[in-house]
Structure formats: structure tokens, C-alpha cells
């Protein structure tokens with residue numbers, strides 16, 4: 001019970017951060033990308049640029065060593081998606097990263113989401 005409440009509180013905290021980031025005006029895409037990258041580093045202790053070059057097995061190992069659960073990975077996806085839509089430089093590597101995370105969630109964490117399934121399908125087309 002305590003663990004579930006702790007996870008719920010953490011998800012709510014991350015949701016507030018995401019809402020704050022999403023509220024930023026995208027007048028300066030570089031500023032926007034830096035804010036999201038900083039939020040990922042601060043809340044997940046992950047380096048987005050490092051994640052982009054890892055293969056699926058390396059990502060899984062990284063997530064396990066960081067003790068990230070399925071809900072946290074799902075929240076990580078929600079941080080990365082705005083970058084995909086506002087970034088032209090790293091679009092392919094972000095797309096590849098998202099597809100790997102979707103697969104890891106489904107296969108290794110047994111976490112299924114219709115939203116994630118539809119977004120992965122869009123990315124594959």
C-alpha cells in the first residue's frame with residue numbers, strides 16, 4: 001500500500017513537471033529541448049543523448065539499473081514525444097528511441113496501453 005502511494009505521488013509530481021513543460025511557448029525550440037532534456041535528467045537520472053544511441057538490450061539494462069518501473073517509462077515517453085514533434089535534427093533517433101521503449105514496455109514490463117500502441121503504429125508508418 002505504501003509503495004503504491006509513493007509511486008502515485010511520484011507520477012503526480014512528474015505529471016506536474018510535464019504540464020509545466022508543455023505549457024512553455026515553443027518560440028525557441030532549443031530552449032524547449034533543453035528544458036525537456038534537463039527535466040529527464042533531473043527526474044529520471046537519465047541522459048537523453050545517451051539513450052538515443054543505445055540499442056534495445058542496452059536500454060533495458062539501463063532502465064533496470066535505474067530501477068524504473070513501467071509507469072515511469074510511460075511518463076518518460078510523454079516527455080520525449082514533444083521533442084519528436086518539435087525537433088528536426090534528431091527526429092530519427094528519437095523515433096527509434098520511442099519505438100524501443102514501447103517494445104520494452106510491452107515485452108519486458110507487460111505494460112500495454114492503447115495510446116502507446118497507436119503512437120508506435122504511427123511511428124512505424
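The values are calculated or read from the model by the stated rules, or taken from the named source; none is laboratory data. Everything quoted here is computed from the prediction, not taken from an experiment. Neighbour counts are summed over all protein chains in view; Cβ atoms, including those assigned to glycine, are modelled from backbone coordinates with ideal geometry.
Numbers below:
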{"quantity": "Condition met for residue 89 (over 24 Å from residue 15 (Cβ atoms) and not in a helix (DSSP H, G or I))", "calculated": "yes"}
{"quantity": "Failed item in (1) in contact with a helix residue (DSSP H, G or I) (Cβ under 6 Å, 6 or more places away or on another chain); (2) surrounded by fewer than 17 Cβ atoms within 10 Å (Cβ to Cβ); (3) modelled with pLDDT of 95 or more, with residue 59 passing the rest", "calculated": "(2)"}
{"quantity": "Test: residue in the range 78-89 that is surrounded by 12 or more Cβ atoms within 10 Å (Cβ to Cβ) and over 13 Å from the mean Cα position of the chain (by Cα)", "calculated": "yes"}
{"quantity": "Counted residues, the range 61-94 - those being under 13 Å from residue 49 (Cα atoms) and touching a residue at least 24 places away in the same chain (Cβ under 8 Å)", "calculated": "5"}
{"quantity": "Filtered residue count, the range 46-56, keeping only those that are surrounded by fewer than 15 Cβ atoms within 10 Å (Cβ to Cβ) and part of a helix (DSSP H, G or I)", "calculated": "3"}
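One line per residue, one yes/no per condition, for (1) modelled with pLDDT under 95; (2) farther than 29 Å from residue 6 by Cα; (3) part of a helix (DSSP H, G or I):
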| site | (1), (2), (3) |
| --- | --- |
| 63 | no, no, yes |
| 74 | yes, no, yes |
| 81 | yes, no, yes |
| 84 | yes, yes, yes |
| 99 | no, no, yes |
| 105 | no, no, yes |
| 117 | yes, no, yes |
| 123 | yes, yes, yes |
